[in-house]
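*Asks:* This is the structure I have questions about; it appears just below.
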Amino acid sequence: MTVYSQAAQAAFAQPLTEELLSAAGITPGMRVLVLGRDLADLALLVAERVGRSGAVLGVNEHPKFIYEARERAAEEGFECVEFRRAFLDELEFDAPVDAVIGRFFLMNEPDPVRAIRAAARNVHDGGRIIFQEWHYDSVLWLDTSDWPNVPLYRHFARWSIESLRRRRANVDVGLRLTNLFKEAGLPLPAVRTDLRVVHGSNALGYAFFESALRELLPTIERCGFAHAYDVEVDTFAERLERETIAAGGHVFLPLQVGAWTRC
């Protein structure tokens, strides 16, 4: 994922994340485990809530994400944040944490239920379990995709969903969170949703789509879309903005869904 892609994703994810942290009662002094690819953005957001008396541990198995997160935390002067390269199943703590939060994490997990169980094992009784995910499949829904018809957006929807499925991503995990929590043996969660509209001259909004395509480009090319259609990733945001404005309409980001409960 490019830096710009991370920035666009984090900007649109932050409002729902903050709502979930507030609803779940994440407060100063807590120890929180953070999961996901956008480790730095999420961990630093949590660190602002738990303060110097708390602690945040970000975990990912990929060294690149750990390195980038450590650099970011050092640059911004966060001392209560630690990042560790590890697989979720391998985590061991001297004492259970107060909460775990994953953002856009289960979407890429082969077995989301197993991942939720593994995360919950690190949380003490009464601790919080929080997950926030895209329901990417929503870009195909006529009522929450584009209005009026914006052909370039429809191309994005088809290219992205097919490419994500080829990568075995869980494009429908957002609205499945409640069921996944129950399958993992957790109490029924509270659920929040966030559906963002992009219209007019909203540079960051259109950049989200371009960044997503850029990340998926190798898979898009393997699917044959790049040869059959005029993908042109480097100008996609500009063209989508122009086409949306010309139609006098708007487009939607993928639906975000957040769920939280206590162990």
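A short reminder: the numbers here are calculations on the coordinates, not readings from a lab. None of the values given here were measured: they were computed from a predicted structure. Positions of Cβ are backbone-derived with ideal geometry, glycine not excepted, and every protein chain shown enters the neighbour counts.
*Asks:* In debye, nearest 20, what is the charge dipole magnitude of the chain about its Cα centre with +1 on Lys and Arg Cβ and -1 on Asp and Glu Cβ, if you could check? Walk me through the intermediate numbers first.
*Replies:* Details: 29 positive and 37 negative charges, 113 e Å.
Around 540 debye, computed over the chain.
*Asks:* Same structure, new question: For Arg192 and Glu221, what is the calculated FRET efficiency with R₀ set at 51 Å and r taken between the beta-carbons, to the nearest 0.05?
*Replies:* Given R0 = 51 Å and the Cβ-Cβ separation, E is 0.90.
*Asks:* Continuing with the same structure: Set the Förster distance to 35 Å, then compute FRET efficiency between Arg84 and His199 from the Cβ-Cβ distance, nearest 0.05.
*Replies:* Calculated transfer efficiency: 0.30.
*Asks:* What does the extension gain come out to for Arg262 and Arg154, with contour length at 0.36 nm per residue minus their alpha carbon separation? Spell out each step's value before the answer.
*Replies:* Details: separation 108, 0.36 × 108 = 38.88 nm, distance 3.92 nm.
Length gained, Arg262 through Arg154: 35.0 nm.
*Asks:* Report the Cα centroid-to-centroid distance between the range 41-86 and the range 163-195 in angstrom, as an integer.
*Replies:* So the two Cα centres are separated by 25 Å.
*Asks:* What full-extension length gain, to one decimal in nm, is calculated for Ala95 and Thr235 as 0.36 nm per residue of separation minus the Cα-Cα distance? Walk me through the intermediate numbers first.
*Replies:* Values: separation 140, 0.36 × 140 = 50.40 nm, distance 4.99 nm.
Here the segment from Ala95 to Thr235 would lengthen by 45.4 nm.
*Asks:* Then there is this: As I understand it, the dipole of the chain uses +1 on the Cβ of Lys and Arg and -1 on the Cβ of Asp and Glu, about the Cα centre. Which of Leu21, Ser163, Ala99 lies farthest toward its positive end?
*Replies:* With unit charges placed on the Cβ atoms, the residue in question is Ala99.
*Asks:* Tell me what the chain gives for mean residue ellipticity at 222 nm when only DSSP H runs of n ≥ 4 count, each as -39,500 (n - 2.57), the sum divided by the residue total, rounded to 500 deg cm²/dmol.
*Replies:* -14000 deg cm²/dmol
*Asks:* Extension gain Leu175-Glu71, at 0.36 nm per residue separation less the Cα-Cα distance, in nm? Mind showing how you got there, number by number?
*Replies:* Working: separation 104, 0.36 × 104 = 37.44 nm, distance 3.39 nm.
Full extension of this stretch gives 34.0 nm more.
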